Amino acid sequence: MVMARAATASQVMRDDLYFLEVLSENNAGNWVVSLPPKLKIYQPELEALLGKVFSGRSRLPENFPLAQQLSLNWYMSKCRQVGISFEESWS
C-alpha cells in the first residue's frame, strides 16, 4: 500500500512540474510557451489561443494561473487529438 501512495504522489508531482513547463513566466514577466518536440508544430495554435483569450486584459497576477490551466487543458486535448498519451508526449 505504501508503494501505491508513493507512486500516486510522484505522479502528482510530475504532473505539477509538467503543468509549469507548458506555460511559464520569464524574468520580464512575459509568458513563455514550451511544448515538447512531438507537439512543437502546434505551438502557434496555443499561442494564438492565449492571445485571443487574454488580449485587452491587463497583466494581472491572477491571469497567469488561468492561462496555465488553459494551456494544460489545450495540451491534453491536443494529445488526444493527435493520438498520443500525455506521458508519451514528453518522451
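The values are calculated or read from the model by the stated rules, or taken from the named source; none is laboratory data. Not measured: the values here are computed from a predicted model. Note: ideal-geometry Cβ built from the backbone for every residue, glycine included; neighbour counts use all protein chains shown.
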Among the residues of segment 28-53, how many are under 15 Å from Trp74 (Cα atoms) and more than 12 Å from the chain's Cα centre (by Cα)? 11
Within segment 54-76, restricting to residues that are over 16 Å from Ser24 (Cα atoms) and not hydroxyl-bearing (Ser, Thr, Tyr), the one that is nearest to the chain's Cα centre (by Cα) is Met76
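Identify all residues within segment 40-57 that are farther than 22 Å from Ile84 by Cα and not charged (D, E, K, R); write none if there are none. Walk me through it before giving the result.
Of all residues in segment 40-57, those farther than 22 Å from Ile84 by Cα come to 48, 50-57.
Across segment 40-57, the qualifying residues are Ala48, Leu50, Gly51, Val53, Phe54, Ser55, Gly56.
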Which pairs turn up if I take residues in segment 38-50 that are more than 17 Å from Ser91 (Cα to Cα) and at pLDDT 95 or above and look for partners that are among the aromatic types (Phe, Trp, Tyr) and assigned to a helix (DSSP H, G or I) with beta carbon separation below 6 Å, at least 6 apart in sequence or on another chain? Leu46/Trp74
State which residue pairs qualify: first residue of a type in the set (D, E, K, R) and inside segment 51-71, second residue surrounded by 10 or more Cβ atoms within 10 Å (Cβ to Cβ) in any location, beta carbons under 9 Å apart, and separation of 6 or more residues or different chains. Arg57/Asn63
Here the residues within segment 39-88 that are over 12 Å from Val22 (Cα atoms) and among the hydroxyl-bearing types (Ser, Thr, Tyr) are Tyr42, Ser55, Ser58, Ser77, Ser85
Quick check on segment 28-64: of everything there that is in contact with an Asp or Glu (Cβ under 8 Å, 6 or more places away or on another chain) and of a type in the set (A, V, I, L, M, F, W, C), which residue is surrounded by the fewest Cβ atoms within 10 Å (Cβ to Cβ)? Val32
Residues of segment 14-35 classified as of a type outside the set (Asp, Glu), within 17 Å of Glu88 (Cα to Cα) and either outside any loop (DSSP other than H, G, I, E, B) or modelled with pLDDT under 90 (or both), total: 5
